[in-house]
1. Looking at Ala60, Ala86, Ala65, Ala75 in this structure, which one is in contact (Cβ under 8 Å) with a residue 40 or more places away in the chain, in the same structural domain as Leu28 (by TED's automatic domain parsing) and crowded, with 22+ Cβ neighbours inside 10 Å?
2. Quick one: Val135 ticks every box in (1) closer than 28 Å to Tyr59 by Cα; (2) surrounded by fewer than 17 Cβ atoms within 10 Å (Cβ to Cβ); (3) of a type in the set (A, V, I, L, M, F, W, C) except a single one, so which number is it?
3. Looking at Val171, Val152, which one is part of a helix (DSSP H, G or I), in contact (Cβ under 8 Å) with a residue 60 or more places away in the chain, out of contact with any strand residue (DSSP E or B) (no Cβ under 6 Å at 6 or more places or on another chain) and surrounded by 15 or more Cβ atoms within 10 Å (Cβ to Cβ)?
4. Kindly indicate whether Thr20 is surrounded by fewer than 20 Cβ atoms within 10 Å (Cβ to Cβ) and in a loop (DSSP other than H, G, I, E, B).
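The values are calculated or read from the model by the stated rules, or taken from the named source; none is laboratory data. Note that the structure is a prediction, hence the values are computed from the model and not measured. We place every Cβ from the backbone using ideal geometry, glycine too, and count neighbours over all the protein chains shown.
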Amino acid sequence: MSDIDERIERFSTMTQADPTNELGFFSLGRALVDAGRPREAVPALQRVLALNPGFSKAYALLGSAQRADGDNAGAIDTLTRGYRVAHDKGDLMPRNDMAQALKELGAPVPEIKTEQLSEDDKGAGKLKCSRCGRVAPKMPEAPFGGDFGTQVHESVCAPCFREWIGQGTKVINELRLNLTEKAAQDVYDQHMKEFLNIS
């Protein structure tokens with residue numbers, strides 16, 4: 001069995017066992033898209049949004065699956081709604097991905113005003129957050145050691161990192177990650193980077 005088939009089977013089993021597992025449905029949808037099966041991914045991703053209408057990345061992935069399946073009108077509707085949700089939540093990466101997809105589809109991108117970081121803001125211990133795009137307070141110190149900890153400290157605001165802590169717990173629980181295993185650590189780190197919009 002290939003890696004992608006194994007992922008699909010694992011997440012299918014997980015979502016059948018728990019029909020409220022939004023991250024399980026999201027992971028299933030992503031695996032189906034990766035396998036070139038966008039039509040099958042659409043219901044899984046729609047289920048994510050039924051469970052959590054604020055899940056920005058699910059809008060982006062659903063729009064991509066609809067587009068790959070030839071449903072451009074559905075994709076435009078999903079991406080337009082998702083763009084607004086992502087902006088309101090401060091999810092810059094999915095918002096920007098959806099803006100690009102809307103442009104490629106020849107659809108208008110909703111107009112939204114963005115904040116700018118001033119020298120006074122910097123002096124007051126603020127930054128323009130890589131995740132939410134807002135000017136907000138920095139964390140008092142790096143949340144963990146190493147270069148990645150420094151990168152997070154210099155680019156993510158304190159409120160967004162607090163939000164990640166709750167989301168990180170959800171990732172561990174819903175995906176049943178054992179963080180003593182390297183593969184589970186990699187999954188956790190990938191979710192953190194995507195959530196915080198850090199490459």
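1. Numbers: Ala86 fails: in contact (Cβ under 8 Å) with a residue 40 or more places away in the chain; Ala65 fails: in contact (Cβ under 8 Å) with a residue 40 or more places away in the chain; Ala75 fails: in contact (Cβ under 8 Å) with a residue 40 or more places away in the chain.
Testing whether each residue is in contact (Cβ under 8 Å) with a residue 40 or more places away in the chain, in the same structural domain as Leu28 (by TED's automatic domain parsing) and crowded, with 22+ Cβ neighbours inside 10 Å leaves just Ala60.
2. (2)
3. Details: Val152 fails: in contact (Cβ under 8 Å) with a residue 60 or more places away in the chain.
Going through Val171, Val152 in turn, the sole match is Val171.
4. Values: surrounded by fewer than 20 Cβ atoms within 10 Å (Cβ to Cβ): yes; in a loop (DSSP other than H, G, I, E, B): yes.
The answer is yes for Thr20.
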